[in-house]
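A short worksheet on the structure shown next.
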């Protein structure tokens with residue numbers, strides 16, 4: 001047997017930022033929903049936003065029946081939210097009816113019903129073809145009319161009548177002791193109940209919204225913070241529901257070349273979250289400014305949320321280290337938002353950040369420093385808030401840089417705001433103290449998915465921005481600052497000496513060679529002279545021997561001596577001749 | 001009996017022993033309650049303001065736009081427009097004593 005598919009409960013968007021997300025599309029279409037909460041919790045503004053958005057964005061005209069405030073008062077109240085109620089009334093998109101019930105003017109005698117109210121409402125609905133209705137706050141009738149029995153019966157009839165009319169209605173109710181509404185309206189309006197709350201904790205107020213009940217629909221059950229500001233009513237969907245945001249293989253520069261080099265040569269992954277922690281004055285803001293500056297150089301938009309300094313101050317200070325942020329502000333690529341942590345509650349900060357991001361759509365966001373939010377909320381709250389924010393940023397593919405101030409006494413590798421587990425890259429700016437100096441060192445504590453350097457770099461703030469230089473790591477530990485400079489000077493001196501020695505030896509060698517060559521030349525010259533002498537002597541000698549032989553032969557011929565005696569007889573003569581010479 | 005706009009007392013401007021009453025009765029259709037309210041009102045007026053009252057009946061089913069002007073929620077509602085201050089009495093006016101208290105004719109007990 002086939003079952004027809006169960007029709008999904010139709011929903012009507014309220015147009016209230018965030019609410020439609022957590023309620024899965026808005027309030028139930030054609031049914032009344034109850035919005036309740038204490039005095040000043042924002043019920044009326046919620047209801048009015050529902051109506052105004054309906055009229056302006058969804059082409060659904062609406063009727064606002066006010067039992068408390070007059071049309072004029074309402075107009076003034078919502079003008080501060082940027083709604084021009086009078087114009088919408090003129091365009092017949094909204095009808096405002098102020099129902100005033102004054103107990104002192106009314107005498108009751110006998111039976112009656114509230115058909116007059118029905119007729120009024122029906123007339124208002126029909127006059128503009130309204131699709132939305134707000135009754136704010138209908139419980140006021142209980143103080144105006146004495147006969148509660150009639151009133152309750154009539155309210156029950158009214159809500160049924162609204163359903164029959166097919167209008168999507170919001171009924172507001174004041175919160176009672178131990179009940180959602182003072183008069184138990186939740187008994188009559190059973191489709192959706194939304195509870196608004198306004199709590200003051202440590203002198204800072206936080207508004208929260210919770211969907212108590214939503215018949216036939218899945219909905220977020222958490223308490224969601226919301227805010228009311230000049231841009232209207234916005235609910236903050238606090239938790240990203242899953243961890244399935246898309247990841248990017250793209251890498252973006254940190255703005256500091258040496259730091260890019262430390263992070264595998266390419267910088268951070270796009271869409272990840274970076275935490276820079278360090279003590280006061282350790283250069284966290286400078287690193288943030290570099291990061292934002294690099295994004296703007298690529299033509300991307302960047303937003304910086306400052307909790308300790310004013311935008312003008314940051315711009316000036318960064319200029320002193322050679323980062324010109326003003327040019328990006330002027331070109332509309334950079335936005336600086338500053339707010340003291342104590343100005344609002346945590347949720348308000350978060351909501352404002354959300355809003356600003358939603359409007360500006362940056363690719364890079366800086367929060368400086370998140371630890372200052374600790375002054376307005378507990379650590380657990382800040383952590384929760386940051387988790388939500390980080391999830392939100394990741395889901396939008398925004399690369400975020402959070403800075404965290406650590407105090408001298410706390411252990412470095414522990415953040416006060418326990419956000420370290422939710423960040424992807426964690427840079428630590430540490431103070432290296434030695435020889436009566438404090439110097440800054442930077443290292444990468446963690447970088448998910450990046451082969452990163454394990455070395456400490458000395459961190460210098462120069463007029464060309466942040467520079468990272470190798471620290472001197474020797475037998476005596478890590479040297480920085482002037483100790484490093486001294487060591488480097490010593491190293492340079494030693495190197496110089498070595499070079500000089502080498503040169504000296506080379507010179508000596510060259511000299512030796514020159515001397516050798518000179519001697520060789522002289523020796524050769526002498527050799528050649530003597531050789532020539534000897535050669536000529538040898539020649540003469542040979543000639544004389546030849547002549548002697550000739551002479552002797554001539555003599556023998558003349559004496560006719562026989563050939564055998566020739567040699568003996570010739571010797572004395574030969575000696576004598578040699579002596580003559 | 002049909003409830004219609006009715007003027008009794010030919011000269012409402014003539015004041016005898018007291019001011020004249022200018023009354024407006026709001027009803028929603030010809031319901032038994034509307035008819036009863038009108039009958040009760042008329043009886044009270046005849047007894048106490050004979051010749052110096054005027055009743056204007058407004059049926060909101062026919063003139064819904066008139067409900068807002070006098071801040072009408074409940075029906076029937078009797079509005080005393082004159083003499084000032086404006087007074088409102090809701091219900092079927094079955095208790096004449098209370099109606100007279102509402103109209104400031106009798107002091108509230």
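So here's what we get for this one:
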| quantity | calculated |
| --- | --- |
| Neighbour-count order for A:467, A:540, A:154, A:72, fewest beta carbons within 10 angstrom listed first | A:540, A:72, A:467, A:154 |
| Chain A, relative contact order [Cα under 8 Å, separation at least 6], % | 12 percent |
| Convex hull projection area averaged over all views, segment A:485-569, Cα basis, nm² | 9.1 nm² |
| Interatomic Cα distance distribution for segment A:430-560, bins of 5 angstrom, percent | 2, 8, 8, 9, 7, 6, 5, 4, 4, 4, 4, 4, 4, 3, 3, 3, 3, 3, 3, 3, 2, 2, 2, 2, 1, 0 |
| Convex hull of segment A:251-479 built on C-alpha atoms - directionally averaged projected area, nm² | 12.0 nm² |
| Segment B:57-100 - convex hull of the alpha-carbon atoms, volume per residue in Å³ | 81 Å³ |
| Average other protein chain Cβ within 10 Å of Cβ, residues A:510-517 | 0 |
| Inter-probe distance in nm under a simple model that places probes 7 Å from Cα toward Cβ, at residue A:396 and residue A:59 | 3.0 nm |
| Approximate shape of chain A as ellipsoid semi-axes (Cα gyration tensor, √5λ), whole Å, largest first | 107, 24, 19 |
| Solution diffusion estimate, µm²/s, Stokes-Einstein, segment B:21-102, Kirkwood Rh from C-alpha pairs, 20 °C, viscosity 1.002 mPa s | 170 µm²/s |
| C-alpha center-to-center spacing [segment A:111-147, segment A:11-42] in angstrom | 21 Å |
| Rounded FRET efficiency, nearest 0.05, which uses the C-beta distance separating residue A:497 from residue A:517 and R0 of 41 Å | 0.85 |
| Highest to lowest packing among A:522-528, A:372-378, scored as the average C-beta count within 10 Å | A:372-378, A:522-528 |
| Cα-based Rg / Dmax (Å) for segment A:11-235 | 16.8, 53 |
| Ranking of B:34, A:127 by count of other Cβ atoms within 10 Å, fewest first | A:127, B:34 |
| Average beta-carbon neighbours from other chains, 10 Å sphere, peptide B:90-98 | 5 |
| Scattering profile of segment A:295-423 at q = 0.16, 0.17, 0.21 Å⁻¹ [log10 I(q)/I(0), Debye over alpha-carbon scatterers] | -0.82, -0.93, -1.32 |
| R0 of 60 Å, Cβ-Cβ distance residue A:309-residue A:126: FRET efficiency to nearest 0.05 | 0.55 |
| Ratio of Rg to Rh over segment A:90-168 (Cα coordinates, Kirkwood Rh, two decimals) | 0.98 |
| Bridge type composition, chain A - antiparallel percent by DSSP, nearest 5 | 45 percent |
| Euclidean distance of C-alpha centroids, segment A:417-465 and segment B:29-75, integer Å | 85 Å |
| Inter-chain Cβ neighbour average for residues B:62-68, partner chain, 10 Å | 6 |
| D_trans [Stokes-Einstein, Kirkwood Rh over alpha-carbon pairs] for segment A:479-528, 25 °C, 0.890 mPa s, µm² s⁻¹ | 176 µm²/s |
| Packing-based exposure ordering (other Cβ within 10 Å, fewest first) of B:45, A:36 | B:45, A:36 |
| Spin-label pair residue B:22/residue A:199, simplified geometry with 7 Å Cα→Cβ offset, distance in nm | 5.7 nm |
| Relative contact order %, segment A:251-479, counting alpha carbon pairs below 8 Å whose residues are six or more apart | 27 percent |
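Where a number appears in this text, it was derived from the coordinates with a stated rule and is not lab data. The structure presented is a predicted model; accordingly, all values stated were derived computationally and were not measured. Ideal geometry is used to build each Cβ from the backbone, glycine not excepted, and the neighbour counts take in all protein chains shown.
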